[in-house]
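Trainee: Have a look at this one.
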């Protein structure tokens, strides 16, 4: 009986040691992953607190040609609510840069950014409506979103709205003006074409 107790105690000690080794090894993996991440982003993307600025890291990866990594970083910042990252992630989905192209997901991210007043996102949404990407082609909706961009100060939105106005019927223009007015867009901007 004494022998069985000794064997059981020895096994318990071994299991505890193996558990400790496993925990230390797992913690080591986590630290190694964090260190690898810190080495893959530029020093400017890591703040003084050691935290990664995912938006900055996304830019660095994108302009460094690492599109998959850029998408991952933008996604982290977009999920945290950053409208610039949301718009950029939408652009990656629209173009298929680092992710499978998906205009519906692009629209989702553009709308999140637009809901926060991001004027470039307004232009991107307008483009999706003009091109019929992920949505039914709709010049009235495109005009509305370009008008929102104009109100936010976008010269590009004004130029793009002028381009589609040439393709719109009078009925479409009237519907676009009504849509904008019904949604509180300033009247002066509607007459600025």
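Trainee: Do we find that residue 53 is more than 30 Å from residue 134 (Cα to Cα), at pLDDT below 95 and not assigned by TED's automatic domain parsing to the domain that holds residue 130 in this structure?
Mentor: Here the answer is yes, as residue 53 does meet what is asked.
Trainee: With the condition kept exactly as written, say whether any residue in region 118-132 is closer than 16 Å to residue 152 by Cα, within 13 Å of the chain's Cα centre (by Cα) and assigned to a loop (DSSP other than H, G, I, E, B).
Mentor: Yes, region 118-132 contains at least one residue that is closer than 16 Å to residue 152 by Cα, within 13 Å of the chain's Cα centre (by Cα) and assigned to a loop (DSSP other than H, G, I, E, B).
Trainee: Sticking with this one: Of all the helices (runs of 4 or more DSSP H) wholly in region 42-103, which have at least 2 residues that are over 23 Å from residue 117 (Cβ atoms)?
Mentor: Of the helices (runs of 4 or more DSSP H) lying wholly inside region 42-103, those with at least 2 residues that are over 23 Å from residue 117 (Cβ atoms) span 54-63, 67-79.
Trainee: Of the residues 132, 64, only one is surrounded by fewer than 18 Cβ atoms within 10 Å (Cβ to Cβ) and on the phi > 0 side of the Ramachandran plot; which?
Mentor: Answer to the check: 132.
Trainee: Let me ask something else about it. With 146, 110 as the choices, which residue is in the same structural domain as residue 185 (by TED's automatic domain parsing) and either touching a strand residue (DSSP E or B) at 6+ places or on another chain (Cβ under 6 Å) or closer than 22 Å to residue 182 by Cα (or both)?
Mentor: Result of the check over 146, 110: 146.
Trainee: Would you mind finding the one in 83, 103 that is at pLDDT 95 or above, surrounded by 19 or more Cβ atoms within 10 Å (Cβ to Cβ), under 25 Å from residue 185 (Cβ atoms) and under 8 Å from the mean Cα position of the chain (by Cα)?
Mentor: After ruling out the rest, the residue left standing is 83.
Trainee: State yes or no: is residue 122 over 18 Å from residue 168 (Cα atoms), in the same structural domain as residue 165 (by TED's automatic domain parsing) and surrounded by 23 or more Cβ atoms within 10 Å (Cβ to Cβ)?
Mentor: Considered against the rule, which asks whether it is over 18 Å from residue 168 (Cα atoms), in the same structural domain as residue 165 (by TED's automatic domain parsing) and surrounded by 23 or more Cβ atoms within 10 Å (Cβ to Cβ), residue 122 comes out as yes.
The values are calculated or read from the model by the stated rules, or taken from the named source; none is laboratory data. For clarity, every value in this text was computed on a predicted model and none was experimentally measured. Please note: Cβ atoms are built from the backbone with ideal geometry, for glycine as well, and neighbour counts cover all protein chains shown.
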